[in-house]
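A short worksheet on the structure shown next.
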Amino acid sequence: MKLAEVKDTRKFEMENREIWRRFLLPYKFALDELKTKINIMAEEAKYLNDYNPIEHIQTRIKNVESIKAKLERKNIVSTLPHAKESIFDIAGMRIVCSFVTDIYDIFTQLSNRKDIKIIEVKDYIRSPKPNGYQSLHLIIKIPVTLSHGIENIYAEIQLRTLAMDFWASLEHKIYYKYDKKIPSYLEKELLTAAQTAKLMDEKMMRIHEEVKRLN
């Protein structure tokens, strides 16, 4: 490859990165706004009820390679408009709670908000995945005010208990350790662990309710 061609290639790659960086910026702002709203909900609950239902919050934005790979799996041409219209979890938030009841309380609060629109709900708590995975998944749309106007940005919210989050973190590590092909005996162990986590959530909830009753 000639020097001029190398320079042109580098220039194209830099310009392409800048285009994607600008594309992802509103998703960062959406997460910033969403995190502020969730923190306000938690602070209000702590002030009014002397109880914070949220243990911690994590956010992430899919990288360009992950977005392109997901479009490819969907057999969709990798373009910015296709990414915006077809991928709803570019911006992601995980809310980890103490109890399952906290998850549904937060879901109810989000459902009643006027500044967030819930587009889709997948309840893997009441109907866990075959491997035992539990979580409440929400696809939401949140308006973000930019210099050129308002953009409605899609984001995914996952709500879990601490036990569910620990299980999912371990399963994720094993999943990639075995290149997405987990041995059958480990799959059974993970399913058993998921069932144990559910029982622990239920037991801790009973203890929590008993403590509240005695107070």
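No value in this document is a laboratory result; all are computed from the given coordinates. What you see is a predicted model, and the numbers here were worked out from it, not measured in a lab. Heads up, the Cβs are rebuilt from the backbone with ideal geometry, glycines too, and the neighbour counts pull from every protein chain shown.
Under the rule a/c < 1.5 gives rounded, and otherwise a/b versus b/c splits prolate from oblate, where does the chain land using the Cα gyration tensor?
Verdict is oblate for the chain.
Rounded if a/c is under 1.5, else prolate if a/b beats b/c, else oblate: with a ≥ b ≥ c from the C-alpha gyration tensor eigenvalues square-rooted, which is region 106-195?
prolate
Please name which of THR36, ASN16, TYR133 has its Cα lying farthest along the dipole of the chain towards the positive end, using unit charges on Cβ (Lys, Arg +1; Asp, Glu -1) and the Cα centre as origin.
Going by the Cα projections, it comes out as ASN16.
Please state the charge dipole magnitude for region 53-104, taken about the Cα centre, from unit charges on C-beta atoms (+1 on K and R, -1 on D and E), reported in debye and rounded to the nearest 20.
The calculation lands at about 240 debye.
Top mean-square fluctuation among LEU25, LEU191, LEU48, Gaussian network model of the chain, C-alpha springs under 10 Å?
LEU48
Most mobile of ILE174, ILE116, ILE38 per a Gaussian network model of the chain (Cα springs, under 10 Å)?
ILE174
Using modelled amide H (1.01 Å from N, peptide plane; none on Pro or chain starts), what sits under 5 Å from the amide H of ILE125, excluding residues fewer than 5 places away?
Distant-sequence amide H within range of ILE125: SER135.
From the residues ILE67, ILE142, ALA197, which one has its Cα farthest along the dipole of the chain in the positive direction, the dipole being from +1 and -1 charges on Cβ of Lys/Arg and Asp/Glu about the Cα centre?
My answer, from the dipole projection, is ILE67.
Looking at the chain as a GNM with Cα springs under 10 Å, which of TYR185, TYR104, TYR51 has the largest mean-square fluctuation?
So, out of TYR185, TYR104, TYR51, the one fluctuating most is TYR185.
Tell me the relative contact order for the chain as a rounded percent, counting alpha carbon contacts under 8 Å between residues six or more apart.
Computed value for the chain: 19 percent relative contact order.
When the Karplus curve 6.51 cos²θ - 1.76 cosθ + 1.60 is applied with θ = phi - 60°, which whole-Hz ³J(HN,Hα) does each residue of region 108-113 get, with x for Gly and Pro?
4, 5, 5, 5, 8, 6
Could you give the size of the charge dipole of region 3-162 about its Cα centre, using +1 on the Cβ of each K and R and -1 on the Cβ of each D and E, expressed in debye and rounded to the nearest 20?
380
Greater than 24 Å separation of Cα atoms is the criterion. Which listed pairs, LYS28/LYS173; LYS129/LYS203; LYS84/LYS114; LYS141/LYS177, meet it?
Beyond 24 Å between Cα atoms: LYS28/LYS173; LYS141/LYS177.
Go ahead and estimate [θ] at 222 nm for the chain from helices alone: -39,500 (n - 2.57) per DSSP H run with n ≥ 4, summed, over the residue count, rounded to 500.
-20000 deg cm²/dmol
Among ILE174, HIS82, GLY92, pick out the residue whose Cα is farthest towards the positive end of the charge dipole of the chain, where Lys and Arg carry +1 and Asp and Glu carry -1 on C-beta, about the Cα centre.
Of ILE174, HIS82, GLY92, it is HIS82.
Within the chain, what's the longest run with no trypsin sites (Lys or Arg not before Pro) in a DSSP loop and at most 15 other beta-carbon atoms within 10 Å? Give the range, please.
Maximal segment without exposed cleavage sites: 3-73.
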